[in-house]
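Below is one structure, written out as structure tokens, with a few remarks after it.
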There are 2 protein chains.
Amino acid sequence: MNAQEMLAVAVAEARAGLAEGGIPIGAALFDRDGVVLGRGHNRRVQDGDASTHGETAAFRNAGRRASYRDTIMVTTLSPCWYCSGLVRQFGIPHVVIGEAQTFSGGHDWLAEHGVEITIVDDPECVRLMTDFIAAKPDLWFEDIGQD
Amino acid sequence: MNAQEMLAVAVAEARAGLAEGGIPIGAALFDRDGVVLGRGHNRRVQDGDASTHGETAAFRNAGRRASYRDTIMVTTLSPCWYCSGLVRQFGIPHVVIGEAQTFSGGHDWLAEHGVEITIVDDPECVRLMTDFIAAKPDLWFEDIGQD
């Protein structure tokens with residue numbers, strides 16, 4: 001499975017979040033054979049849960065694992081510091097990112113610490129976030145902790 | 001409320017987690033007036049949830065907030081990279097840590113980025129972790145993503 005094919009799973013999650021009235025960011029954790037271990041999307045609005053970003057949802061839904069050395073985190077948007085910290089702590093070696101234009105989190109920091117970073121620069125990911133930020137700026141700034 | 005008084009709430013959470021058969025790490029998010037906004041403990045064992053560390057539990061249980069500029073994160077153990085990333089992303093300006101002897105996460109990095117760090121060096125926090133790591137080393141290494 002290539003990056004674009006894996007990204008399609010994360011984009012489907014982002015679209016699902018949008019359809020629920022939520023923040024359109026999705027993610028999926030894959031193994032190296034292209035098997036989805038967990039997938040999910042931001043649930044701030046749906047569950048009133050500030051802790052569930054796309055990446056943390058995918059990570060949670062992958063269940064308990066002894067190791068993440070053979071996994072790939074795929075996300076529609078550059079991971080924020082919270083989600084970048086998740087990747088570093090659990091030793092996820094590769095992150096595939098839909099886009100890093102509308103928001104740039106900790107992916108350069110992850111690269112400095114040896115994580116492989118693939119930025120797809122996907123037009124649909126950019127459009128999802130551009131439209132969302134224009135429509136609901138307060139919700140977006142809340143989700144990234146900007147007053 | 002001083003650091004030791006706030007820490008007592010996090011320690012109570014850690015003890016509750018231990019009593020449930022879980023990992024004895026607890027946390028609480030306070031406002032500057034000493035009001036508990038959210039408290040919680042690691043739930044890897046109890047819920048099969050790898051994403052719920054003490055700090056993320058306290059953060060989730062505090063609900064949705066537009067700003068964290070007036071909050072203090074209190075945790076029994078030095079925050080791992082995942083939880084340190086949470087603190088940085090959401091602009092939590094002060095972290096009170098029970099101990100950083102048995103595990104040292106991202107608190108120096110947070111300090112470099114302007115977060116006030118208070119390490120209480122609490123003997124009970126050290127004992128909780130020392131006993132736990134000796135009793136269940138595999139569970140501990142799983143929780144911090146070390147193969």
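Bear in mind these aren't lab numbers, they're just calculated from the coordinates by the rules spelled out. Treat the numbers as computed from the prediction; the structure is a model and nothing was measured. Virtual Cβ from ideal backbone geometry, glycine too; neighbours counted across all protein chains shown.
Worth a mention:
- Applying 1/(1 + (r/R0)^6) with r as the Cβ-Cβ distance of A:ALA135 and B:HIS113 and R0 = 22 angstrom yields a FRET efficiency of 0.10.
- When chain B is treated as a Gaussian network with alpha carbon springs shorter than 10 Å, the biggest mean-square fluctuation among B:PHE59, B:PHE90, B:PHE30 belongs to B:PHE90.
- GNM flexibility winner over chain A from A:ARG127, A:ARG64, A:ARG44 (Cα, springs under 10 Å): A:ARG64
- For chain A, the longest principal axis of the alpha carbon atoms and the long axis of helix A:3-19 meet at an angle near 30°.
- With K and R counted +1 and D and E -1, the other residues having a Cβ less than 10 Å from that of B:ILE72 yield a net charge of -2.
- Partner chain coverage, peptide A:86-95 - average Cβ within 10 angstrom: 5
- Taking θ as phi - 60° and the Karplus parameters 6.51, -1.76 and 1.60, the scalar couplings of region B:38-54 work out to x, 9, x, 9, 3, 10, 3, 6, 4, 10, x, 10, 6, 8, 9, 8, x Hz in sequence order, x denoting glycine and proline.
- For region B:3-144, alpha-carbon Rg relative to the globular expectation (2.2 N^0.38 Å, N residues): 0.94
- Residues in region A:48-88 that a label on A:GLN101 would reach, taking backbone N under 14 Å of a point 7 Å out along Cα→Cβ: A:77-78
- DSSP beta bridge pairing in the protein assembly as shown, given as percent antiparallel to the nearest 5: 55
- GNM top mover of B:GLY98, B:GLY114, B:GLY38 - chain B, alpha-carbon springs below 10 Å: B:GLY114
- Amide H contacts under 5 Å for A:ILE97: A:THR75, A:THR118, A:ILE119, A:VAL120, restricted to partners 5 or more places along the chain or on a different chain, H placed in the peptide plane at 1.01 Å from N.
- Per-residue 3J(HN,Hα) values for region B:79-96, derived from phi via the Karplus relation 6.51 cos²θ - 1.76 cosθ + 1.60 with θ = phi - 60°, read x, 5, 4, 4, 6, 5, x, 4, 4, 5, 4, 9, x, 6, x, 8, 10, 9 Hz in sequence order (x marks Gly and Pro).
- Between region B:70-147 and region A:11-29, the Cα center-to-center distance that results, in Å: 31
- Paired Rg and Dmax values of the protein assembly as shown, which use every Cα atom, in angstrom: 18.1, 54
- Calculated [θ] (222 nm, deg cm²/dmol) that DSSP helices of n ≥ 4 give over chain B, each run adding -39,500 (n - 2.57): -12500 deg cm²/dmol
- Once C-alpha pairs closer than 8 Å and six or more residues apart are averaged by separation and normalised to the residue number of region A:1-96, the relative contact order reads 26 percent.
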